[in-house]
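Trainee: One structure coming up, written as structure tokens, with questions to follow.
The values are calculated or read from the model by the stated rules, or taken from the named source; none is laboratory data. Every value quoted in this text rests on a predicted model; they were computed, and no experiment measured them. All Cβ positions, even for glycine, are placed from backbone atoms using ideal geometry, and neighbour counts span all protein chains on display. SASA here: full protein model, heavy atoms, side chains in, ligands and nucleic acids out. Shrake-Rupley method; radii C 1.70, N 1.55, O 1.52, S 1.80 Å.
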Amino acid sequence: MAAMDENENREDREMEELLSSYRPVFKGGFAGRVLERLDETQGKLITHDFNNMVYSMFRRIATVGAAAIAILLFSIYLSGRGLDRDILIGDSYSDDELVSYLLYQDIEE
Amino acid sequence: MKELRDLGDNELIELSKKGDSRAFGVIISRYEEQVARTVISMLGNTQEAEDVGQETFIRFYNSLDKFRGDSALATYITRIAINLSLNEIKKNKKTVSLFERTDSIPHPDVIEPDNDFENNEKREMIETALKQLHPSFRSVVVLRLVQGYSTKETARILQLPVGTVLSRLSRAQKSLKEILTPLMK
């Protein structure tokens with residue numbers, strides 16, 4: 001029994017020694033190949049970063065703009081004028097109002 | 001003036017952050033053997049091993065700012081290498097199921113050949129044995145027995161409980177002994 005254990009331990013040790021002696025190395029010039037690839041990747045990364053920056057800036061501006069339009073429309077709606085076509089295109093006077101305004105102006109003159 | 005080769009890891013990292021590629025080249029040379037041992041043990045003498053080895057350093061370069069020095073640089077790089085190797089194995093499995101590829105294509109140019117015939121024979125024997133282990137067992141053997149990390153360090157790198165590492169190691173050793181003992185005689 002002791003001899004068997006001894007044998008097993010020896011086999012374990014031999015196997016561990018064999019594994020720890022395993023020292024494969026990459027073919028020469030590995031560092032150069034990595035640096036070369038890094039150069040290529042960094043170029044791509046810079047372009048990618050720039051595109052991301054432009055996209056995120058555009059998204060921020062668009063979001064702020066959309067929010068401002070929404071607030072404006074809501075405030076017009078709250079002012080009681082409603083949201084008809086004239087209001088939306090910036091012409092808040094109805095034709096009747098406009099005619100009476102022009103007439104009033106003529107009388108004053 | 002101190003040569004780059006004489007600088008410590010932290011000084012080289014600082015220089016690399018500033019864009020000094022020569023400093024990063026020194027880091028690569030310092031740790032390429034360790035990365036080679038990890039990725040070639042995991043993936044065999046294949047082109048994938050070389051690619052994953054390169055990718056390890058590229059990932060490290062891109063995360064230089066995140067490296068706080070909590071763990072030794074060697075451990076940090078080994079963690080990247082082992083995780084990328086495990087990802088590559090998973091990716092290959094998917095490729096196998098899609099295209100019925102049975103194994104990675106051997107690429108004899110990846111490893112620097114040893115002039116000693118006995119060493120080459122030993123290397124092939126170890127690669128054959130490691131290849132037969134399940135990747136989760138192989139990663140434990142690679143870190144614990146090939147790289148020589150302690151059980152605790154192995155557990156930390158693989159983010160596994162120490163008990164799991166010990167049980168996987170014991171089962172892997174059993175399988176390895178069955179594979180290697182006849183070859184060693």
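Trainee: Considering only residues of the range B:37-58 that are within 8 Å of chain A (Cβ to nearest Cβ) and free of Cβ contacts under 8 Å to residues at least 60 places away in the same chain, which is nearest to the chain's Cα centre (by Cα)?
Mentor: B:Gly53
Trainee: Separate question: Hey, can you tell me all the residues within the range B:139-148 that are open to solvent by 20 Å² or more (accessible area, probe 1.4 Å) and either of a type in the set (Asp, Glu) or touching a residue at least 40 places away in the same chain (Cβ under 8 Å) (or both)?
Mentor: Matches in the range B:139-148: B:Gln147 only.
Trainee: Consider B:Ala23 carefully, then state whether it is in contact with a Pro (Cβ under 6 Å, 6 or more places away or on another chain), at pLDDT 90 or above, open to solvent by less than 50 Å² (accessible area, probe 1.4 Å) and assigned to a helix (DSSP H, G or I).
Mentor: In short, no.
Trainee: Report those helices (runs of 4 or more DSSP H) wholly inside the range B:119-185 carrying at least 3 residues which are aliphatic (A, V, I, L, M).
Mentor: B:151-158, B:162-184
Trainee: List every residue pair whose Cβ atoms sit under 7 Å apart, with the two residues 6 or more apart in sequence or on different chains, where the first one lies in the range B:1-22 and is under 15 Å from B:Gly69 (Cα atoms) and the second, anywhere, is assigned to a helix (DSSP H, G or I) and among the charged types (D, E, K, R).
Mentor: Hits for this filter: B:Lys17/B:Asp65.
Trainee: So B:Thr56 passes all but one of these: (1) modelled with pLDDT of 95 or more; (2) in contact with a strand residue (DSSP E or B) (Cβ under 8 Å, 6 or more places away or on another chain). Which condition number does it fail?
Mentor: Looking at each condition in turn, B:Thr56 falls short on (2).
Trainee: Separate question: Can you pull out every residue in the range A:1-23 that is among the hydrophobic types (A, V, I, L, M, F, W, C), more than 10 Å from every other protein chain (Cβ to nearest Cβ) and in a helix (DSSP H, G or I)?
Mentor: Hits for the range A:1-23 are A:Ala2, A:Ala3, A:Met4.
Trainee: Within the range B:59-94, which residues are under 21 Å from A:Leu19 (Cα atoms) and within 14 Å of another protein chain (Cβ to nearest Cβ)?
Mentor: Listed by number, the residues that qualify are B:Ile77, B:Ala81, B:Ser85.
Trainee: Ok, one more. I'd like to check something: does the range B:61-71 contain any residue that is in a loop (DSSP other than H, G, I, E, B), on the phi < 0 side of the Ramachandran plot and hydroxyl-bearing (Ser, Thr, Tyr)?
Mentor: Yes: one or more hits.
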